[in-house]
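For reference, the structure is listed below as C-alpha cells.
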Amino acid sequence: MTSAKPKPFRQYGFGQPIDSAIAIPGAIAVPDAASAAEPLSITAATGPAPAPGDLYRIDGDAFVYSLSGIARFRCTRRSIALTTPTEADAALVAELLVANALPAVLWQQGSFVLHASAVVLPGWEGAIAIAGASGLGKSSVAKELLDQGAKLVGDDSVRIDCGPAGITVSGLAGGLFEALEPGTKRRFTPVAPEVQLSSARLLGIAVLGERTATLQLDLVNRLRAVELVLAQQHRPGIPALLGSRQNVVAQAAAIAESVPVAIWHRRVGEMAITTGEAAALQRYFAASR
C-alpha cells in the first residue's frame, strides 16, 4: 500500500515550471515571463521497492525508469510519478531524477538533450555549450568561466530546442554538478541567483577533446558536427527506446547547420582557464553573436 508524500511546490528548470513533491538540485525560481505556463508535475509516494528488471521500458504512453531497490519513475510528456520505499536515500533519488527521469521527459517532449554545460560569457547574450565525455571536466570548465564573469544556463545536461527564432538552450541554472573523482557520486554546488539564466540563444558547441601541447579550437565540417552532436546525447538509450531516432538525427543536423561546432583541446597540465583561453573562446564564437 502506498502513502502520499508532501504536496508539490513550484520550481523551474529546463525551460518550464515544475510542480515537484521533492526539491530538484539546480532548479531556480520561476521567471515572471513563465509564471503562467503549464507546469510539469512531479508527484511522489511511498511503496514497495522496485524489483530487479529492465532499467528502461515503455508502458503505454509512459517511459518507466526503474532502479532496483531504490526508485521507480513513470514519465510522460507532462508528468513524473515517483515511487520509493520509505527508507530511500532522498539525495540519491533527487540525483536520479535529474540524471534520468527529467531527461526522459525532455526527450518525450521532442527536445534534444545534450550531455553538456552551458554558459553565457561576459558581455554576451547567447550561450556556448561545453560538451565532452565524462571525466573531461565540463563542470570544472564551467566553474572557471563563472569565476571570470560568465553566467550559468545549465550543467551536465541541457535542453536544446530548434524553433523559428533559432536554437535555444536551457537547463538547471541553480548550480554545478561536480564529480568528486572520476566515476564517483557528484556533489551539487549552488551558484548565486545573479549568475543564473533560465535560457539563452545557443551560439555554438565546444566539445572537449584530448589535451595537447598548445591550445587548439578546431572547427569541424557539417558532417563531423552532426556526428559530434549525436555522440554527445544525454541518455541516448531513451530516444532509441522511444522510437524517435529519426527525429533525433534531424535535430542534430539542424543544430549543426545553425551553430558552429568545435573540438576544444586544452593545454596539457593547465587546470585554470587563462585570460587568453577565455579570449580565444570569445573570438572563435564571435561571428555567432
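Which residues, counting only those in segment 1-20, are open to solvent by less than 70 Å² (accessible area, probe 1.4 Å) and modelled with pLDDT under 95?
Passing the criteria: Ser3, Pro8.
Name the single residue that is farthest from Ile18 (Cα to Cα) among those in segment 103-157 being under 11 Å from the mean Cα position of the chain (by Cα) and assigned to a loop (DSSP other than H, G, I, E, B).
The selected residue is His115.
Looking at Ala256, Ala200, Ala252, which one is closer than 19 Å to Ser139 by Cβ and surrounded by 12 or more Cβ atoms within 10 Å (Cβ to Cβ)?
Ala200
Please find, within segment 29-62, the residue that is modelled with the lowest pLDDT out of those that are within 23 Å of Pro236 (Cβ to Cβ) and of a type in the set (Gly, Ala, Ser).
Checking each candidate, the answer is Gly53.
Taking segment 63-100, which residues are in a helix (DSSP H, G or I), under 17 Å from Gly237 (Cβ atoms) and without any contact (Cβ under 8 Å) to a residue 40 or more places away in the chain?
Within segment 63-100, Leu96 is the sole residue that qualifies.
Can you tell me which residue among Gly60, Gly26 is surrounded by fewer than 14 Cβ atoms within 10 Å (Cβ to Cβ), of a type in the set (Gly, Ala, Ser) and more than 14 Å from Val105 (Cα to Cα)?
Among Gly60, Gly26, only Gly60 is surrounded by fewer than 14 Cβ atoms within 10 Å (Cβ to Cβ), of a type in the set (Gly, Ala, Ser) and more than 14 Å from Val105 (Cα to Cα).
Look through segment 243-289, keep the residues that are in a loop (DSSP other than H, G, I, E, B) and hydroxyl-bearing (Ser, Thr, Tyr), and return whichever of them is nearest to Val158 (Cα to Cα).
In this case the residue turns out to be Ser244.
If Ala206 passes every condition in (1) closer than 30 Å to Val93 by Cα; (2) at pLDDT 95 or above but one, which one does it miss?
(1)
Under the condition of being out of contact with any Ser or Thr (no Cβ under 9 Å at 6 or more places or on another chain) and assigned to a loop (DSSP other than H, G, I, E, B), which residue from segment 171-196 is modelled with the lowest pLDDT?
Thr184
Could you check, for segment 108-122, whether at least one of its residues is surrounded by fewer than 19 Cβ atoms within 10 Å (Cβ to Cβ), farther than 30 Å from Ile273 by Cα and in contact with a strand residue (DSSP E or B) (Cβ under 9 Å, 6 or more places away or on another chain)?
Scanning segment 108-122, I find at least one residue that is surrounded by fewer than 19 Cβ atoms within 10 Å (Cβ to Cβ), farther than 30 Å from Ile273 by Cα and in contact with a strand residue (DSSP E or B) (Cβ under 9 Å, 6 or more places away or on another chain), so the answer is yes.
Given the residues Leu228, Leu217, which is the only one that is hydrophobic (A, V, I, L, M, F, W, C) and either open to solvent by less than 30 Å² (accessible area, probe 1.4 Å) or part of a helix (DSSP H, G or I) (or both)?
Leu228
The values are calculated or read from the model by the stated rules, or taken from the named source; none is laboratory data. Note that the structure is predicted; figures quoted are calculated from it, not measured. Using ideal geometry, Cβ is built from the backbone for each residue, glycine included, and neighbour counts are taken over all protein chains shown. Only protein heavy atoms, including side chains, enter the accessible area calculation; ligands, DNA and RNA are left aside. Shrake-Rupley method; radii C 1.70, N 1.55, O 1.52, S 1.80 Å.
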